[in-house]
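In what follows, a single structure is set out as structure tokens and then discussed.
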Amino acid sequence: MKLTLRALTCAHHTLIVSVAGLILSLLWTIALQAAESTSPNTVRSFLENNCYDCHQGDSAEAALDLEKLSFDLGDSSIRQSWVRVYDRVHEGEMPPSDYGEADPKERQAFLATTHQGLTNYQKNIHTKYGRVRGRRLTRKQIERSIQDLLAIDIPLRDYLPEEQKTEGFTTVASGQGMSHFQLAAHLETVDVALDEAFRRALSPEDEYQRDFDAKGVARTNPKRRCREPEMRKNQAVIWNSGMIYYGRLPATVAKTDGWFQFEVTVSGIKLPKSGGVWSTVRSGPCVSSAPLLTNITTFEAMEKPKVIKFTTWLPKGHMLEIRPGDTTLKKGRFAGGQVGVGEGEPQEIPGIAFDRVTMKQVHLKGADDQVRDFLLGDLKVVPQKDKRKPWKVVSKNPKADAERLLTRFASRAFRGPVASDEMQPYLEEVYAAIDGEAEFVDAIRLGYRALLCSPRFIYFAEEPGSLDDYEVATRLSYFLTGSTPDDELMELASAGKMRDTETLKKQTRRLLSGSKGEQFMHDLAAEWLDLDQIDFTQPDSKLYRDFDPIVENAMLTETEAYLGEMLKENLSVSHLIDSNFTYLNSRLARYYDIEGVTGDELQRVKLKPQSRRGGLITQGAIMKVTANGSNTSPVIRGVWISERLLGVEVPPPPSNVPAVEPDIRGAKTIREQLAKHRSQGQCASCHTKVDPAGFALENYDPTGKWRDHYPKIQGRSVKKGPEIDASYELPSGQEFKNIEGFQKIVTSHPHRLAENVAEHLLVYGTGATIEFADRPQVETIANKAAADNYGLHSIIEHVVTSDLFLSK
């Protein structure tokens, strides 16, 4: 019922905001009308003199009829239209140069009046209701919060529905909803989590450990043709093949759901000239009825045996599949979809050989003692003879113990102090169960379930204005860790220190140190840079034969390691565009045609000018998520680079303008197609902004590999097509011939890059998009970061100490 009441409250709140927006809009209109009585309306006067010729009536350019554009700022589409008009006039794009220059005083008056109207409207709304309203935890945050609250480690995210992105992020409140389906999914998630927590609290420690030698890994019947390893020279061997599930290891089947730590001793046999045998580790049922496999890791097997260590989640019944995965290597052919002993040897193909595999179940969030403490405190747990309930919790005063334990848990789950009267609705249900002679564990479980399903847990409880210390601790923790505040943050909040600037900076450094910083960059890049979409498309294997899962995995780790270095060393955000280093292993270096890199460990590599690499924008992961798998589009890449990295806002295209797709047959180049497209007046203004970045990257194919020519498909063959021209002109009039020229121009203006990074961090961390009235504070953050050469870590610290971050 509480969740239902919350939904009604939110609906009532939205109605209030809409009415307030209408009132403020009317006030602005009245103010403008009052101005008309004594002097010409500066807004209308400017538009009439400079804009109506092109933007009036049914034939108005870009379908923008300024004469009919009202001042109802409560309508978001109208408000955005005024912002775009302001920006284009402010940037000198409107009126266009061929129309004639506007009167400077008239232009300045228009800008001042429009700026004041937009700013006052938004500030009044923010003062009364806050920048963000009705924000809740995302599925990732729910998973991590419950795991940390209960000290359990089972995956929970898959029980919750997928979430849409708003402005690139799932954290934005305006894009979040709460349907009956989501509520049901949340209840199921909580039940699964509590089942696991009480299982571990009331049962012996999970102990599963196995040690297999080569014979233990190999097929049990050497005469049977199958897809398991065969014995060869006292090693269990898998040959290189395209056969699905060849390399499955039934010995590693999980007897129960759990996290397992593996150590695999493996070597390469019949190594290729390129180096070792690059291989993949995946997991799944490995049967034909379940074709999907989960990627775990990759490695390069050399002649000398090496130990590969990794930890992975295995559902019950799933096993490992370990096999050569480099698509550039010669593959063996086996009849009937099975492999017999000795059939791979004469084909002179690479393979991998196992000496030993160890497998141990582990827990990532704490031992059972920690789970027991979070749930039961200091209550004794004693064994029983009843096999259905082998353990019993001893409580001499069940109601008092329940109140003590649930109140302690509520303060952690609700991320702040909880008053006794606020606890009563949760305790009453527990007391009723105890009076009905329910087992203490069953009764208290009801209380934990209610707390984890409460709006106080699911939603961020914030009031308009400045956040209090607990709210700051909560916002900082979810921004940097994606989970509930830890003990140190809560202690600082209790002491009233979380709004102190130096404390905030110190805690930011603590929460971003070591592996925590790596996790933050992984989380941020997954949404900001769409790295969570890297598997969304599969490159055409006929066009891009060298691309495989090993390359894709290396690309992903390259980008994350690179961002991690930027964070750790506080490198300038200009490194997003250009640098003289990256992170490679031997497989990715070979893919990029960079020599001198050996080994499967990711390593910092200094780039030579002829490598044509440098900066985030030239990395394979970015090139892949901005392409469709078959071809590239300067428009798609240009929009992506403009919005995600350059800070150039690109309005949606008019609905009546068709998309432009490259002609991979080679009849026309994308440059020729876009030249015709831009000839339409309503298209040119946007393409002038987005096309330069797109064309600068045209030498990189959909898989991130360098190319000098477009591919030309003739029948079943792929031939060299037209030469790629990566030159273009920026809106500023600056010209470049290639990617290097583009990088040089953009990196010479790091201030806007810093503003853009700050904007994305604020959207991700606060759950509210950047509005017109927020721009001055974003500018202030960038100005402060200038003292540290616009370092990424410095920008983050200035973000978390800004008024935008510290206010609702």
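The values are calculated or read from the model by the stated rules, or taken from the named source; none is laboratory data. Treat the numbers as computed from the prediction; the structure is a model and nothing was measured. Positions of Cβ are generated from backbone atoms using ideal geometry, with glycine treated the same way; all protein chains shown enter the neighbour counts.
Pairing residues of the range 371-388 that are on the phi < 0 side of the Ramachandran plot with residues that are exposed (fewer than 15 other Cβ atoms within 10 Å of the Cβ) and outside any strand (DSSP E or B), at Cβ distances under 7 Å and at least 6 apart in sequence or on separate chains, gives Pro383/Pro390; Gln384/Pro390. The set of residues in the range 757-797 being farther than 22 Å from Arg136 by Cβ, hydrophobic (A, V, I, L, M, F, W, C) and in contact with a strand residue (DSSP E or B) (Cβ under 9 Å, 6 or more places away or on another chain) consists of Ala785, Leu792. Taking the numbered list (1) surrounded by fewer than 19 Cβ atoms within 10 Å (Cβ to Cβ); (2) within 32 Å of the chain's Cα centre (by Cα) in turn, Lys387 passes all entries but (2).
Taking each residue of the range 398-425 that is on the phi > 0 side of the Ramachandran plot and not assigned by TED's automatic domain parsing to the domain that holds Cys453 and looking for partners that are of a type outside the set (Val, Ile, Thr) and modelled with pLDDT under 95 with beta-carbon atoms closer than 6 Å, six or more apart or interchain, yields nothing. The range 533-636 holds helices (runs of 4 or more DSSP H) entirely within its bounds, and those carrying 1 or more residues that are of a type in the set (Lys, Arg) and within 19 Å of Ile724 (Cβ to Cβ) map to 620-625. Evaluated against (1) farther than 23 Å from Ala197 by Cβ; (2) modelled with pLDDT of 95 or more, Leu405 falls short on exactly one condition, (1). Can you confirm whether the range 257-266 contains a residue that is polar (S, T, N, Q) and outside any strand (DSSP E or B)? For the range 257-266, residues polar (S, T, N, Q) and outside any strand (DSSP E or B): absent.
For the criterion of being assigned by TED's automatic domain parsing to the domain that holds Phe457, surrounded by fewer than 19 Cβ atoms within 10 Å (Cβ to Cβ) and touching a residue at least 60 places away in the same chain (Cβ under 8 Å), Asp191 passes. Within the range 489-502, the set of residues being crowded, with 17+ Cβ neighbours inside 10 Å and in a helix (DSSP H, G or I) comprises Leu489, Met490, Leu492, Ala493. Residues in the range 246-282 that are among the basic types (Lys, Arg) and in contact with a strand residue (DSSP E or B) (Cβ under 8 Å, 6 or more places away or on another chain): Arg248, Lys270, Arg282.
Being surrounded by fewer than 16 Cβ atoms within 10 Å (Cβ to Cβ) and of a type in the set (A, V, I, L, M) holds for only one residue in Val382, Val418, Val371, and it is Val382.
For first residues located in the range 124-144 and on the phi > 0 side of the Ramachandran plot, partners that are crowded, with 19+ Cβ neighbours inside 10 Å and lie 6+ apart or on another chain with Cβ distances below 6 Å form the pairs Gly130/Lys808; Gly134/Ala173. Among the residues in the range 281-288, are any of a type in the set (Lys, Arg) and under 32 Å from the mean Cα position of the chain (by Cα)? Yes, because at least one residue in the range 281-288 is of a type in the set (Lys, Arg) and under 32 Å from the mean Cα position of the chain (by Cα). All of (1) closer than 28 Å to Met302 by Cβ; (2) crowded, with 20+ Cβ neighbours inside 10 Å hold for Ala197 with one exception: (1).
Looking across Thr252, Thr220, one residue alone is without any contact (Cβ under 8 Å) to a residue 60 or more places away in the chain and either out of contact with any His (no Cβ under 7 Å at 6 or more places or on another chain) or surrounded by 15 or more Cβ atoms within 10 Å (Cβ to Cβ) (or both). It is Thr220.
Annotation: Gln33 fulfils all but one of (1) loosely packed, with under 15 Cβ neighbours inside 10 Å; (2) of a type in the set (S, T, N, Q); (3) at pLDDT 50 or above; the unmet one is (3). I'm checking my understanding of the structure. Among residues of the range 267-279 that are among the hydroxyl-bearing types (Ser, Thr, Tyr) and over 28 Å from the mean Cα position of the chain (by Cα), which one is surrounded by the fewest Cβ atoms within 10 Å (Cβ to Cβ)? The extreme case among them is Ser274. Evaluation of Ser579 against the conditions (1) buried (at least 19 other Cβ atoms within 10 Å of the Cβ); (2) under 14 Å from Gly704 (Cα atoms); (3) among the small types (Gly, Ala, Ser); (4) free of Cβ contacts under 8 Å to residues at least 60 places away in the same chain shows that the sole unmet condition is (2). When the range 421-462 is limited to residues that are outside any helix (DSSP H, G or I) and touching a helix residue (DSSP H, G or I) at 6+ places or on another chain (Cβ under 8 Å), the one that is surrounded by the fewest Cβ atoms within 10 Å (Cβ to Cβ) turns out to be Ala461. In the range 674-697 there is at least one residue matching the filter, namely being modelled with pLDDT of 80 or more, assigned to a loop (DSSP other than H, G, I, E, B) and either under 29 Å from the mean Cα position of the chain (by Cα) or over 25 Å from Lys624 (Cβ atoms) (or both).
Within the range 443-490, the set of residues being of a type in the set (Gly, Ala, Ser) and over 30 Å from Asn397 (Cβ atoms) comprises Ala461, Gly465, Ser466, Ala473, Ser477, Gly482, Ser483.
Considering (1) assigned to a loop (DSSP other than H, G, I, E, B); (2) over 29 Å from Arg475 (Cβ atoms), the lone condition that Arg199 does not fulfil carries the number (1). Does Gly344 satisfy the criteria of being in contact with a helix residue (DSSP H, G or I) (Cβ under 8 Å, 6 or more places away or on another chain), under 18 Å from Gln235 (Cβ atoms) and small (Gly, Ala, Ser)? In short, no.
Would you confirm, using the coordinates I've provided, whether Pro204 is more than 28 Å from the chain's Cα centre (by Cα) and surrounded by 13 or more Cβ atoms within 10 Å (Cβ to Cβ)? Judged against the criteria, Pro204 is not a match.
Arg282 falls short on exactly one of the conditions (1) among the basic types (Lys, Arg); (2) part of a strand (DSSP E or B); (3) surrounded by fewer than 19 Cβ atoms within 10 Å (Cβ to Cβ), and that condition is (3). Is it true that some residue in the range 101-123 is closer than 28 Å to Phe479 by Cβ and either surrounded by fewer than 17 Cβ atoms within 10 Å (Cβ to Cβ) or in contact with a strand residue (DSSP E or B) (Cβ under 9 Å, 6 or more places away or on another chain) (or both)? Taking every residue of the range 101-123 in turn, at least one turns out to be closer than 28 Å to Phe479 by Cβ and either surrounded by fewer than 17 Cβ atoms within 10 Å (Cβ to Cβ) or in contact with a strand residue (DSSP E or B) (Cβ under 9 Å, 6 or more places away or on another chain) (or both). There is at least one residue in the range 178-185 that is farther than 30 Å from Gly377 by Cα and surrounded by 13 or more Cβ atoms within 10 Å (Cβ to Cβ).
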